[in-house]
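Working notes, structure below.
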Amino acid sequence: MNQVIVQLQGIVKKFPGVLANDHVDLDIYAGEIHAILGENGSGKSTLMSVLAGLYKPDEGKILVNGVEKKFRSPRDAIDSGIGMVHQHFKLVEPFTVAENITLGEKQTIFGLSGKKLKASINELGKKYGLEINLNAKVWQLSVGEKQRVEIVRMLYRGSQVLILDEPTAVLTPQEAAELFRNLHRMASAGCAVVLITHKLNEVKAVADRVTVLRQGKLVGVLQKDQINPKEMVRLMVGRPVTMQYDRELAVAGEVLLELDKVNAFNDMGLPCLRDLSLTVREGEILGLAGVSGNGQRELAEVIAGLRRVESGKILLNDRNISNLSPCEIIDLGVAYVPEDRLGMGLVPELNAMENLILKSYRQPEFSGRWFLKPQAIKQNAEALISQYQVNVTSLTQPVKVLSGGNLQKLLLAREISSSPKLMVVIYPARGLDIGATEAVHKLLLKLKIRKTAILLISEDLDELFRLADRIGVVYSGQLTGDFPVEQADLEEVGLLMTGAHSARERVNDNEPAHT
Amino acid sequence: MNRPTLKLEKRLAPSPVMVFIIPLISVLLALLLGGIFLSLTGQNPLAVYAIMFTDSLGSKYGFTETIVKAIPLSLTALGVAVAFKMKLWNIGAEGQLYMGAMGASWLPLTYPALPVYLMIPGMVVLGMIAGGLWAFLTAIPRAIWKVNEIITTLMLNYVAILWVDFLVFGPWRDPLGSNFPITAPFPEAARLPEMFNSRIHAGLFFALALAVILTIVFKYSRWGYSINVIGSSERAASYAGMNIKRNILWVMFLSGAISGLAGMAEVSGIIGRLQHGISPGYGYTAIIVAWLSKLNPLAILIVSVLFGALQVGGYAAQVEGVPAAVATMLQGMILFFVLGGEVLTNYRVVLVRQKGEELRK
């Protein structure tokens, strides 16, 4: 095997009330792609932040090429050849790519001759297949391109070890594949690539070794030939988890929701839904794939009555509900789980009891003409919390202290308990760990069996293919594809997400036998 | 590098001890700092504080005067607290108090012969409507165009004060008042009864009743629940189907109406006529009172008494040759320390040695 570049020995990092890293050891070799796998809160990001100089470890040593280092800032880490690309890019949008790459360096674009500098960046780019237009302004770039700028910036600063925090979270499948090809090139050129992730298929596709963390502890290191999803899940979660759900395919009921050429504007007053039409039947899950920002949030809001429909019709049971008030739409049996759980779906400062009646507090069950019925509200909360296994320490504690998974369960408990006819869910598993994701998915499948029509909006194609009966693709405010899940093809859906309109025809032309 | 450093560490839960102790320590620190200031001006701080205390809380007369001041303070503080609950920053209680006083004064000045059972309720209703409408003026642009209510309520304070001045210098001036800017005295039927052989008037019951009613409204009513939701998160409220605009209008009206009631109580209970300068800034002090009470209506009653005492004590100190500003200064300092001390309820100070071990302090 190659030589060790970085060694972490017995790293301990404490936060108030949490032991984020508990004596973790890690070796990183030159030329490997090393995945750090773990659920949310398992300490993987903390560990990498320690390595990248963002946090100081409470105990333990960092050795780079055998020499002990103490990083006081990310700058020290970069000087030792360790660079990190964060999930949220740290780029200056109005600056050019070249300016961003050299930002903060002593020899800036003004000092060194611009041409020479650009030439050296271009050379780097060519070497690793990371070609970018150095004169473009960053705001003009796509997400994938921005990520490339971040990577080139780290390489330009001489990074031997490149840490990427959930790099594919914002990429389409095609962009992700491209990224992985580039990472392989970097590894074969002698760099070490460290990938923080919780996506198992990615790990299987690219990693040479996997380190699995659980609750701050190192629970296993797998070599390439040992990598298999079942084993990784067992290590991550601490118990086996079903990867595929037994689900009944929809017994297609009546059309419940129909959108007919709906147009709407986004918050900036620009068109975000353009003649969008779709239908969802009772007892069916329509999964809408799409890169976020293509009108998904606005679509959900239009249905929930939170955004004006400029033209077109939204029919619920053949009744036009467009531009009714949110209150009327709730009463017609439309439930909505927004992407923003805390702040929209739930009120951070209020407790679980109060949050669970957020939409039903007007019902005679929970209030009279003037006063609330505290007894009924408390019983409701107790029943829902035990039924949906929400982990709360007390009913009177503000919900803002709950974890993401518990917030989502609380939110779903409320929405499902209203026995909705239509459920609109957007990014239901975003940021949740495997255990919580499984729980949320099972709730949705159960709801489907109860004949509820479900519109599931997500960026996670695995999630959509595992849950949906039909897969639609939304791009730039339009529905650009709609297939029964058995006929949907991952690659084709991925292409449609990037706006390749004629994907289906093209595929059909080239491969007539394509199934 | 073995120099220990102090750092703030977030507490997992707010410390219940600190919630209680911090206001206490804040008052003590304010007194200490005020004392330093007093000694710099050549006064004996202990003597000044002794006078302030005995003349406000330490004697029967002083205590009744303290309650007299606490009545308008608590009413206006309850008024602003209603708006603050919904994160509507109504700082126009002063103006709303003046308009309430004006609305209430109109009745006895126009129909002086009304019997008491029509006169007092009529003044209460008119005072509340006038104060409420004054706040409502700012609620409309706030609800429709999101015009910042801090600016509009503040500016309308000056308009209200000057408007009352216009009335008492002009059309409503008492022809028999030898040119003083005052209206004619109210008839006996327009005066709130006084109690306990003092200037304490029936306005006290307005404050007590309202504090109880608001406690119930905020804790147990359907409307109070929706106000709480809107105040915590407007987006969650509209998601839940609550009508935010309508609630902005209602809450601002109610907030102004309560301050208007304070104005009614002042002219009817204390002064017995409308005149220039009916409030020494109750509506502004009310903001501090509401904030220190964490918007809790019952706590507002207690804090109002404390601030009433400060005001009365300040007057007493003035007689002894101490600047009147001492009381105002102490008010400001108390708020300053309470706000600063709030950090300690959510954070704790830890001493960090460079090696990594922590010494709790």
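Just so it is clear, none of the values below were taken in a lab; they were calculated from the coordinates. In this text the structure is predicted, and so the values were computed from the model without any measurement. Every residue, glycine among them, receives a Cβ derived from its backbone with ideal geometry; neighbour counts consider all protein chains shown.
Could you name the lysines whose alpha carbon sits less than 17 Å from that of B:Lys60, not counting residues in the same chain fewer than 8 places away? Within the straight-line cut-off, B:Lys60 pairs with B:Lys69. Peptides B:96-105, A:158-167 ranked from most to least packed give B:96-105, A:158-167, packing being the mean of other C-beta atoms within 10 angstrom over each peptide's residues.
Sequence-distant contacts, meaning Cα pairs under 8 Å at least 6 residues apart, place the relative contact order of chain B at 36 percent.
Between B:Ala209 and A:His88, how high is the FRET efficiency from 1/(1 + (r/R0)^6) when r is the Cβ-Cβ distance and R₀ = 56 Å? Nearest 0.05. Plugging the Cβ-Cβ distance into 1/(1 + (r/R0)^6) gives 0.60. A cut-off of 5 Å between modelled amide H atoms, ignoring neighbours fewer than 5 places along the same chain, links A:Val6 with A:Ile28, A:Asn65.
Placing one identical point scatterer on every Cα of the range B:67-301 and ignoring solvent, what is log10 I(q)/I(0) from the Debye formula at q = 0.08 Å⁻¹? Debye curve over Cα of the range B:67-301, log10 I(q)/I(0) at q = 0.08 Å⁻¹: -0.28. Inter-part distance, the range A:422-489 to the range B:250-320, computed on C-alpha centroids, equals 57 Å.
Return the average number of partner chain Cβ atoms within 10 angstrom of each residue Cβ along peptide B:222-228. The partial results should precede the final answer.
Numbers: counts 10, 4, 3, 11, 3, 0, 4.
Across the residues of B:222-228, the mean count of other-chain Cβ atoms within 10 Å is 5.
Protection proxy ranking, highest mean first, for peptides A:453-464, A:375-386: A:453-464, A:375-386, where packing is the per-residue count of other beta-carbon atoms within 10 Å, averaged.
Provide the net charge surrounding A:Ala300, with neighbours chosen by a C-beta distance below 13 Å and charges set as Lys +1, Arg +1, Asp -1, Glu -1. Neighbour charge sum, excluding A:Ala300 itself: -3. Each Lys or Arg adds one and each Asp or Glu takes one away; over the other residues whose Cβ falls under 11 Å from the Cβ of A:Val291, this sums to -2. In a fully extended conformation the segment linking A:Ser120 and A:Arg450 would gain 112.6 nm over its present Cα-Cα distance, using 0.36 nm per residue.
Over chain A, Cα pairs under 8 Å with separation of 6+ residues give a relative contact order of 14 percent. Given the range A:4-237, what percent of its DSSP beta bridges are antiparallel, to the nearest 5? Beta bridges within the range A:4-237, antiparallel portion: roughly 55 percent.
Each Cα pair under 8 Å and six or more residues apart adds its sequence gap; the mean of these over the residue count of the range A:38-107 is a relative contact order of 23 percent.
DSSP beta bridges fully contained in the protein assembly as shown are about 60 percent antiparallel.
Per DSSP H run of at least 4 residues, take -39500 (n - 2.57); add these up for the protein assembly as shown, divide by its residues and hand me the 222 nm value, nearest 500 deg cm²/dmol.
-15000 deg cm²/dmol
Per residue of A:363-375, what is the mean number of Cβ atoms on other protein chains within 10 angstrom of that residue's Cβ?
The shielding value for this peptide is 3.
In peptide A:338-349, how many Cβ atoms from other protein chains are near each Cβ within 10 Å, on average?
Numbers: counts 3, 0, 4, 0, 2, 6, 8, 5, 3, 11, 3, 5.
Going residue by residue through A:338-349 and averaging, the value is 4.
Sum up the charges of everything whose Cβ sits under 15 Å from the Cβ of B:Leu156, counting Lys and Arg as +1 and Asp and Glu as -1, but leave B:Leu156 out. Don't skip to the end; give the middle numbers.
Values: positive: B:Arg142; negative: B:Glu94, B:Glu149, B:Asp165.
Within the 15 Å Cβ shell, the charges total -2.
Ranking of B:Leu261, A:Leu259 by neighbouring Cβ atoms within 10 Å, starting from the fewest: A:Leu259, B:Leu261. Going from the residue with the fewest nearby Cβ atoms within 10 Å to the one with the most, A:Lys217, A:Lys146, A:Lys409, A:Lys90 rank A:Lys90, A:Lys217, A:Lys146, A:Lys409.
Can you figure out the FRET efficiency of B:Tyr158 with B:Asn346, using R₀ = 35 Å and their beta-carbon distance, to the nearest 0.05? The formula returns an efficiency of 0.40 here. Which of the residue pairs A:Lys261/B:Lys85; A:Lys56/A:Lys126; A:Lys400/B:Lys85; A:Lys146/A:Lys421; A:Lys44/A:Lys69; A:Lys56/B:Lys85 have a Cα-Cα distance greater than 30 Å in the structure shown? Check vs 30 Å cut-off fails for A:Lys261/B:Lys85; A:Lys56/A:Lys126; A:Lys146/A:Lys421; A:Lys56/B:Lys85. Applying the Kirkwood pairwise sum to the alpha-carbon positions of chain A produces a hydrodynamic radius of 25.1 angstrom.
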